[in-house]
Amino acid sequence: MVLHNPKVNKDAREWTKDYFSNTLTTIEAEENSVSAKITKVLSVDGDVDVNQRKGKVVTIFDVQVKLEYT
């Protein structure tokens with residue numbers, strides 16, 4: 001009898017780049033008449049993997065994000 005233990009690995013780098021570009025550019029902060037806003041995601045480099053083992057989803061990430069802000 002062979003037991004099958006399904007293991008799923010997915011590369012999520014492209015999804016992460018799109019998510020950061022759409023989400024991080026909505027962030028603004030203001031304090032004591034000083035304001036900052038992320039205007040553009042310049043780059044997202046590194047690894048983002050989603051794994052499923054033994055019925056549990058595990059996210060592994062190691063990324064460097066470069067942003068443009070005003």
Check: For the range 24-45, which residues satisfy the criterion of being surrounded by fewer than 12 Cβ atoms within 10 Å (Cβ to Cβ) and assigned to a helix (DSSP H, G or I)?
Finding: Thr26
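Condition check ((1) at positive phi; (2) at pLDDT below 95; (3) of a type in the set (Val, Ile, Thr)) across all residues:
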residue	(1), (2), (3)
His4	no, yes, no
Phe20	no, no, no
Leu24	no, no, no
Thr39	no, no, yes
Leu42	no, no, no
Phe61	no, yes, no
Leu67	no, no, no
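Check the range 8-23 and report whether any residue there is of a type in the set (S, T, N, Q) and open to solvent by 80 Å² or more (accessible area, probe 1.4 Å).
Within the range 8-23, the first condition is being of a type in the set (S, T, N, Q), and the residues that meet it are 9, 16, 21-23.
Checking which are open to solvent by 80 Å² or more (accessible area, probe 1.4 Å) leaves us with 9, 22.
Checked against the condition, which is being of a type in the set (S, T, N, Q) and open to solvent by 80 Å² or more (accessible area, probe 1.4 Å), the range 8-23 yields at least one hit.
Just checking, does the range 46-53 include any residue being open to solvent by 100 Å² or more (accessible area, probe 1.4 Å), in a strand (DSSP E or B) and under 30 Å from Lys7 (Cβ atoms)? Show your work before the answer.
If we filter the range 46-53 for residues that are open to solvent by 100 Å² or more (accessible area, probe 1.4 Å), which is where we start, we get 53.
Narrowing further to those that are in a strand (DSSP E or B): 53.
Next, only the ones that are under 30 Å from Lys7 (Cβ atoms) stay: 53.
Within the range 46-53, one or more residues are open to solvent by 100 Å² or more (accessible area, probe 1.4 Å), in a strand (DSSP E or B) and under 30 Å from Lys7 (Cβ atoms).
The values are calculated or read from the model by the stated rules, or taken from the named source; none is laboratory data. Since this is a predicted model, take the numbers as computed values, not measurements. Ideal geometry is used to build each Cβ from the backbone, glycine not excepted, and the neighbour counts take in all protein chains shown. Note: areas computed on protein heavy atoms with side chains; ligands, DNA, RNA excluded. Shrake-Rupley method; radii C 1.70, N 1.55, O 1.52, S 1.80 Å.
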